[in-house]
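First comes the structure, then the notes that go with it.
The values are calculated or read from the model by the stated rules, or taken from the named source; none is laboratory data. Predicted, not measured: the structure shown is a model, and the values here were computed from it. Glycine gets a Cβ as well: all are built from the backbone with ideal geometry, and neighbour counts include every protein chain shown. What goes into the accessible areas is simple: the full protein's heavy atoms, side chains included, and nothing from ligands, DNA or RNA. Shrake-Rupley method; radii C 1.70, N 1.55, O 1.52, S 1.80 Å.
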Amino acid sequence: MKIAVLGAGAWGTSISINLCARHEVRLWARDAAHVAALRADRINQRYLPGHSLPPALALEDDLARALDGAELMLVAVTTNGLRATLRAVRATASSVPLVWLCKGFESAQAKLPHQVCAEELPGSVPRGVLSGPSFAEEVARGLPAALTLASGDSGFARNAARALHGATLRVYLSEDVAGVEAAGAVKNVIAIAAGVSDGLELGLSARAALITRGLAEMMRLGVALGGRAETFMGLAGAGDLILTSTGDLSRNRRVGLALARGTPLDAVLAGLGHIAEGVHTARAVAGLAQKLSVEMPITRAVCRVLDDPRQARAAVQELLAREQKSEY
């Protein structure tokens, strides 16, 4: 199959490397200088150092050429970059079926990716979301991982999943687009909280409690947005939350660790060198929760710490001081 991957960040590069062994893959980036560096080095030094690009992987800075003849499009840009990318795709008059890999809410309007897609692309174009517990570094190395592909078009979902499924990359099917997206977005916020907890050395018991209660927050908001409760107990929910909250490769967890040390957010992000979606998502989630009357105390605490890292311990104390209540 001919696959166009849009976005040459860590995840776009990683999935391209993984798929190259069994498909004809073109990796596109809008920055011509970045593409020139990729062609010269055959390594994505900025986003995924240490992983050579396969000789068969084609690199493009021209979107029309990247999409020419493609049978599937994987959009691996940030959530806030999704709308502009889809508008550029629309300008090429492309009708290539697409799967987006981003996890988050569009900051300006707190919209999920499928809502952005509905606004920017014709409804006749088959589409879906790929999400689940996966670090780009590990997928590029060919280590085992399992993901969920959700789409309202079951035929498209089966075909796309079959194409992406490989010896070490398992792809499961779902029809719950909203639930899979909400899980992938909110887990980044909870991962920041887990990083703060670890940074304050509150212990493993505290981290386990925070992850579990964070899962309850994810589920409450996801169901309010039309998702199914069971989705949050699967790969896109509990699976991705556990990985992102505990894994040392997690950018969002690293943000929390740094904030716990009192490092200002600007300095944290500058040192990270990558996008941490939870930072942009936290306030959108908090605003949406308030609008929908969904209780999300951990998310509120994360917003407080993002605004002022010196408030980390106070935010934890506020969570601990909450009124005693039934777990369910």
Legend entry - helices (runs of 4 or more DSSP H) contained entirely in the stretch 23-94, each with at least 2 residues that are touching a Cys at 6+ places or on another chain (Cβ under 8 Å), of a type outside the set (Lys, Arg) and surrounded by fewer than 15 Cβ atoms within 10 Å (Cβ to Cβ): none
Legend entry - Residue within the stretch 159-176 that is modelled with pLDDT of 95 or more and under 22 Å from residue 296 (Cβ atoms) present: yes
Legend entry - For residue 262: the one exception among (1) open to solvent by less than 40 Å² (accessible area, probe 1.4 Å); (2) part of a helix (DSSP H, G or I); (3) within 22 Å of residue 306 (Cα to Cα): (2)
Inset, instruction - Test residue 63 against the criterion of being more than 29 Å from residue 190 (Cα to Cα), modelled with pLDDT of 95 or more and over 21 Å from the mean Cα position of the chain (by Cα), and give yes or no. - result: yes
Inset, instruction - Find all pairs meeting these conditions: Cβ atoms under 6 angstrom apart; at least six residues apart or on different chains; first residue within the stretch 227-243 and modelled with pLDDT of 95 or more; second residue open to solvent by 50 Å² or more (accessible area, probe 1.4 Å). - result: 229/219; 229/223; 232/219
Inset, instruction - Among the numbered conditions (1) under 22 Å from residue 19 (Cβ atoms); (2) part of a loop (DSSP other than H, G, I, E, B); (3) small (Gly, Ala, Ser); (4) open to solvent by less than 40 Å² (accessible area, probe 1.4 Å), tell me where residue 104 comes up short. - result: (1)
Legend entry - residue 132 being crowded, with 17+ Cβ neighbours inside 10 Å and in contact with a Ser or Thr (Cβ under 8 Å, 6 or more places away or on another chain): yes
